[in-house]
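Trainee: Provided herewith is a single structure, encoded as structure tokens, for subsequent inquiry.
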Amino acid sequence: MIAMIGYGGMLVSGLVVADYASLVGQRVLMGFFMGSMYPIAVGIYSGLFPAGVRGLIAGFVLGTYNLAVSALGFLSAAAFRAGAVWKV
């Protein structure tokens, strides 16, 4: 519960980030709370699914996360190359 509230709070705090130092701080705290989300997901699918399927689901969860991180980098680079700025 603390991890979800912390991560959600950091997402909402992105609305008021005004400079680069605040952005870095917000992302560091968001990463701190995100680090606890993966063990929560592991606990959920370990209890919900039979042992024969857990490896497949673990790969899907980890692969989705890594794909999202890579896609965010590619999309950010494309947006900045097109002239977008990181401020709203």
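The values are calculated or read from the model by the stated rules, or taken from the named source; none is laboratory data. Keep in mind the model is a prediction, meaning the values are calculated, not measured. All Cβ positions, even for glycine, are placed from backbone atoms using ideal geometry, and neighbour counts span all protein chains on display.
Trainee: Those residues that are surrounded by 13 or more Cβ atoms within 10 Å (Cβ to Cβ) and under 15 Å from the mean Cα position of the chain (by Cα), I need them from the stretch 39-76; list them, please. Before you say what the answer is, go through the steps one by one.
Mentor: Just the residues of the stretch 39-76 that are surrounded by 13 or more Cβ atoms within 10 Å (Cβ to Cβ), to begin with: 41-42, 45, 49, 54, 57-58, 61-62, 65.
Answer for the stretch 39-76, where residues must be surrounded by 13 or more Cβ atoms within 10 Å (Cβ to Cβ) and under 15 Å from the mean Cα position of the chain (by Cα): 41, 61, 62, 65.
Trainee: Shifting gears a bit: Exactly one condition in (1) out of contact with any Phe, Trp or Tyr (no Cβ under 7 Å at 6 or more places or on another chain); (2) more than 18 Å from residue 68 (Cα to Cα) is false for residue 6; which is it?
Mentor: (1)
Trainee: With of a type in the set (Gly, Ala, Ser) and modelled with pLDDT under 85 as the only criterion, which of 35, 83 stands out? Explain how you work it out, then say what you get.
Mentor: On the way: 83 fails: modelled with pLDDT under 85.
Among 35, 83, only 35 is of a type in the set (Gly, Ala, Ser) and modelled with pLDDT under 85.
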